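Novice: This is the structure I want to talk about, given as structure tokens.
The values are calculated or read from the model by the stated rules, or taken from the named source; none is laboratory data. Computed from a predicted structure; not experimentally measured. Counting neighbours? That spans all protein chains shown, and the Cβs are built from the backbone with ideal geometry, glycine included. Surface areas here come from the heavy atoms of the whole protein model, side chains and all, with no ligands, DNA or RNA. Shrake-Rupley method; radii C 1.70, N 1.55, O 1.52, S 1.80 Å.
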Amino acid sequence: MSLRFAYNTNGTANHRLADAIDLIADAGYQGIALTLDIHHLDPFAETWVQEAEALSSRLQKLGLGVVIETGARFLLDPKAKHEPTLVTGDAAGRARRVGFLKRAVDIGAILHAEAVSFWAGVPKPGIDRGQARHWLNEGLAEVTEYARAQGVVPCLEPEPGMLVETLDDYAALQIEGLQLALDTGHCLVTGERDPAVALAEFADRIGTVAIEDMKRGEHIHLPFGEGDMDVPAVLDALDAIGFQKLICVELSRESHRADVMVPASLNFLRECRKPHAEPVL
């Protein structure tokens, strides 16, 4: 079975969601990674249920799968990027994040999503890391149990700089049913493992995969061909483990040229493993 690719809507931030979906579908992707945001199915809008139901119908008609992403920058706090998180010192703030993740699960259930992906957060200065891990485990357990009841696959994504930063940090968690959201580029940032090695090692725990180019040690999502990622090797590794879920292209900095990057990215993924023709002498 051929690999299935999706494009993350955080890379189409200048498009209406309906137009972004058309762009992604017309390019030939098999799905979308939907980053819930103020302009892309706002999970706090009064009409969120109706919007989710309408979107579900449309995606089914287009034959597109979906993964739910929860990394919107200012959805919960317009003055603080990504806050509050599961490791915020304020209990009310942590509860807001848990509530949002549960809402994401609700939307995932309506959309028949393959997974809902989220991350831990960054402990603020002065927060005891042991206490932060306790808060994290509480939040993860609550969200994971809620997702299980809804029939949705919850996935934690290790993020450079966050409390759960590496694959080893994820592996150390003891949350039954919590799958891994593996961003292959993050392996280059942390230097912990080669991305292809990581895919093989965690094959039985991976709920969703993100792919893009990155430079070693630098957490900037780049178009394919502009970083150090051996994309053919990553795709070979995905084939080797029989990965059948969506592989999500994440280029959040490229919204200003999404019209070009959406089709170009899929073309690269389709062509990068083909042998180049020998020059005519």
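Novice: Can you tell me which residues in segment 184-220 are out of contact with any Ser or Thr (no Cβ under 9 Å at 6 or more places or on another chain) and either under 18 Å from residue 246 (Cα atoms) or aromatic (Phe, Trp, Tyr) (or both)?
Specialist: Once the filter is applied, which keeps residues that are out of contact with any Ser or Thr (no Cβ under 9 Å at 6 or more places or on another chain) and either under 18 Å from residue 246 (Cα atoms) or aromatic (Phe, Trp, Tyr) (or both), segment 184-220 yields 184, 185, 200, 202, 203, 204, 205, 206, 213.
Novice: Moving to a separate point now. Working carefully through the options 217, 177, find the one that is closer than 30 Å to residue 132 by Cα, open to solvent by 50 Å² or more (accessible area, probe 1.4 Å) and among the small types (Gly, Ala, Ser).
Specialist: Details: 177 fails: open to solvent by 50 Å² or more (accessible area, probe 1.4 Å).
Exactly one residue qualifies, and that residue is 217.
Novice: Find all pairs meeting these conditions: Cβ atoms under 7 angstrom apart; at least six residues apart or on different chains; first residue within segment 150-166 and surrounded by 24 or more Cβ atoms within 10 Å (Cβ to Cβ); second residue hydroxyl-bearing (Ser, Thr, Tyr).
Specialist: 154/144; 155/117; 155/208; 156/170; 158/166; 158/170
Novice: Residue check: is residue 25 among the small types (Gly, Ala, Ser), in contact (Cβ under 8 Å) with a residue 12 or more places away in the chain and open to solvent by 20 Å² or more (accessible area, probe 1.4 Å)? Explain how you work it out, then say what you get.
Specialist: Values: among the small types (Gly, Ala, Ser): yes; in contact (Cβ under 8 Å) with a residue 12 or more places away in the chain: yes; open to solvent by 20 Å² or more (accessible area, probe 1.4 Å): yes.
Answer is yes for this residue.
Novice: Follow-up. Could we say that residue 212 is closer than 19 Å to residue 273 by Cβ, in contact (Cβ under 8 Å) with a residue 12 or more places away in the chain and not aromatic (Phe, Trp, Tyr) here? Working first, answer last.
Specialist: Numbers: closer than 19 Å to residue 273 by Cβ: yes; in contact (Cβ under 8 Å) with a residue 12 or more places away in the chain: yes; not aromatic (Phe, Trp, Tyr): yes.
Answer is yes for this residue.
Novice: Can you name the residue in segment 39-96 that is open to solvent by 40 Å² or more (accessible area, probe 1.4 Å) and of a type in the set (Val, Ile, Thr) and, of all such residues, is farthest from residue 118 (Cα to Cα)?
Specialist: Only one residue tops the list, namely 47.
Novice: Moving to a separate point now. Looking at 203, 233, 240, 264, which one is open to solvent by 10 Å² or more (accessible area, probe 1.4 Å), within 20 Å of residue 116 (Cα to Cα) and either among the aliphatic types (A, V, I, L, M) or touching a residue at least 24 places away in the same chain (Cβ under 8 Å) (or both)?
Specialist: Values: 233 fails: within 20 Å of residue 116 (Cα to Cα); 240 fails: within 20 Å of residue 116 (Cα to Cα); 264 fails: within 20 Å of residue 116 (Cα to Cα).
Of the residues listed, the single one that is open to solvent by 10 Å² or more (accessible area, probe 1.4 Å), within 20 Å of residue 116 (Cα to Cα) and either among the aliphatic types (A, V, I, L, M) or touching a residue at least 24 places away in the same chain (Cβ under 8 Å) (or both) is 203.
Novice: OK, next. Given the structure, is residue 126 small (Gly, Ala, Ser), open to solvent by less than 50 Å² (accessible area, probe 1.4 Å), in a loop (DSSP other than H, G, I, E, B) and out of contact with any strand residue (DSSP E or B) (no Cβ under 9 Å at 6 or more places or on another chain)? Working first, answer last.
Specialist: Values: small (Gly, Ala, Ser): yes; open to solvent by less than 50 Å² (accessible area, probe 1.4 Å): no; in a loop (DSSP other than H, G, I, E, B): yes; out of contact with any strand residue (DSSP E or B) (no Cβ under 9 Å at 6 or more places or on another chain): yes.
No; evaluated as a whole, the condition is false for this residue.
Novice: Same structure again: Does residue 169 satisfy being farther than 26 Å from residue 113 by Cβ and either surrounded by fewer than 20 Cβ atoms within 10 Å (Cβ to Cβ) or in contact with a His (Cβ under 7 Å, 6 or more places away or on another chain) (or both)? I'd like the intermediate steps shown before the answer.
Specialist: On the way: farther than 26 Å from residue 113 by Cβ: no; either surrounded by fewer than 20 Cβ atoms within 10 Å (Cβ to Cβ) or in contact with a His (Cβ under 7 Å, 6 or more places away or on another chain) (or both): yes.
In short, no.
Novice: Hey, another quick one. Which of (1) in a loop (DSSP other than H, G, I, E, B); (2) open to solvent by less than 20 Å² (accessible area, probe 1.4 Å) is the odd one out, the single condition residue 144 does not satisfy?
Specialist: For residue 144, the failing item is (1).
Novice: Here is a follow-up. Based on this model, can you work out whether residue 198 counts as farther than 23 Å from residue 72 by Cα, aliphatic (A, V, I, L, M) and open to solvent by less than 10 Å² (accessible area, probe 1.4 Å)?
Specialist: Numbers: farther than 23 Å from residue 72 by Cα: yes; aliphatic (A, V, I, L, M): yes; open to solvent by less than 10 Å² (accessible area, probe 1.4 Å): yes.
Taking the combined requirement at face value, the residue satisfies it.
Novice: In addition: Pick from segment 215-256 the residues that are among the basic types (Lys, Arg) and in a loop (DSSP other than H, G, I, E, B): which of them is nearest to residue 203 (Cα to Cα)? Break it down into steps so the answer makes sense when it comes.
Specialist: Of all residues in segment 215-256, those among the basic types (Lys, Arg) come to 215-216, 245, 253.
Still in the running and in a loop (DSSP other than H, G, I, E, B): 216, 245.
On the way: 216: 23, 245: 12 Å.
My answer is 245.
Novice: Test residue 32 against the stated conditions and say whether it is surrounded by 14 or more Cβ atoms within 10 Å (Cβ to Cβ), part of a helix (DSSP H, G or I) and within 19 Å of the chain's Cα centre (by Cα). Spell out how you get there, then give the answer.
Specialist: Details: surrounded by 14 or more Cβ atoms within 10 Å (Cβ to Cβ): yes; part of a helix (DSSP H, G or I): no; within 19 Å of the chain's Cα centre (by Cα): yes.
It is false that residue 32 is surrounded by 14 or more Cβ atoms within 10 Å (Cβ to Cβ), part of a helix (DSSP H, G or I) and within 19 Å of the chain's Cα centre (by Cα).
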